[in-house]
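Visitor: Below you'll find the structure I mean.
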Amino acid sequence: MAVQMRPGQALRLWHDVSLALVRDDEPDLSARQITVLITIYLDPQPHTVRALAAKLKVTKPVITRALDTMGRYGLVTRKRDPADRRNVLVQRTVDGALFVERLGDLVVSKAAALPS
């Protein structure tokens, strides 16, 4: 189902969601970090640093820095792939799933509050 929105409404929604994230007690993630996190939680597993970098068209160090931050907040964990020790597997956590769920709820509530 496509959502119809004018550019001004879309920018207002982005602003309102971003502002709510800045004001709440949730971890303060950058747009890049949120994009990596949402990719990890929306796309099917397994996730590797290499595959995330390729998918998002950024370098592996960009992914590694984002994962470092998200790991400090307990939103993801990493471990070596037992099948191929060169790969690092990125794993979801309960805290990360709850963060993403709250983010989705926030987007829905802010979208519902947009003026017509």
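The values are calculated or read from the model by the stated rules, or taken from the named source; none is laboratory data. Small disclaimer: the values here were computed from a predicted structure and weren't measured. Reconstructed Cβ throughout: ideal geometry from the backbone, glycine too, with neighbour counts over all protein chains shown. Side chains are part of the model used for accessible areas, which takes the heavy atoms of the whole protein and leaves out ligands, DNA and RNA. Shrake-Rupley method; radii C 1.70, N 1.55, O 1.52, S 1.80 Å.
Visitor: Could you order peptides 102-108, 29-35, 87-93 by the average number of other Cβ atoms within 10 Å of their residues, highest first? Could the numbers behind the result be given before it?
Guide: On the way: 102-108: 13.9, 29-35: 15.4, 87-93: 17.3.
Highest to lowest by the protection proxy: 87-93, 29-35, 102-108.
Visitor: Pull up all non-local amide H partners of Y73: gap of 5 or more, or a different chain, and H-to-H distance under 5 Å with H placed in the peptide plane.
Guide: Counting only residues 5 or more places away or on other chains, the set is empty.
Visitor: Ignoring ligands, DNA and RNA, what percent of the 1.4 Å accessible area of the chain is carbon and sulfur?
Guide: 57
Visitor: Assuming 1.567 mPa s and 4 °C, estimate D for segment 56-116 with Stokes-Einstein, Rh taken as the Kirkwood radius over Cα pairs, in µm²/s.
Guide: 94
Visitor: Report the local net charge at L56: Lys and Arg +1, Asp and Glu -1, summed over other residues whose C-beta lies under 11 Å from its C-beta.
Guide: Values: positive: R32, K55, K57, K60; negative: D43.
Local charge sum for L56: +3.
Visitor: Checking the a/c ratio against 1.5 first, then a/b against b/c, what shape does the Cα gyration tensor give for segment 41-89?
Guide: It comes out rounded by the Cα gyration axes.
Visitor: Sticking with this structure for a sec: Identify, among A53, L67, V90, the residue whose Cα sits farthest towards the positive end of the charge dipole of segment 45-116, taking +1 on the Cβ of Lys and Arg and -1 on the Cβ of Asp and Glu, with the dipole about the Cα centre.
Guide: Result: A53.
Visitor: Over the Cα atoms of the chain, how large are the radius of gyration and the largest Cα-Cα distance (Dmax), in Å?
Guide: 15.8, 53
Visitor: Now, a different point. Per residue, how many Å² of accessible area does the chain show with a 1.4 Å probe?
Guide: Values: 7700 Å² over 116 residues.
Averaged over the residues of the chain, the accessible area is 66 Å².
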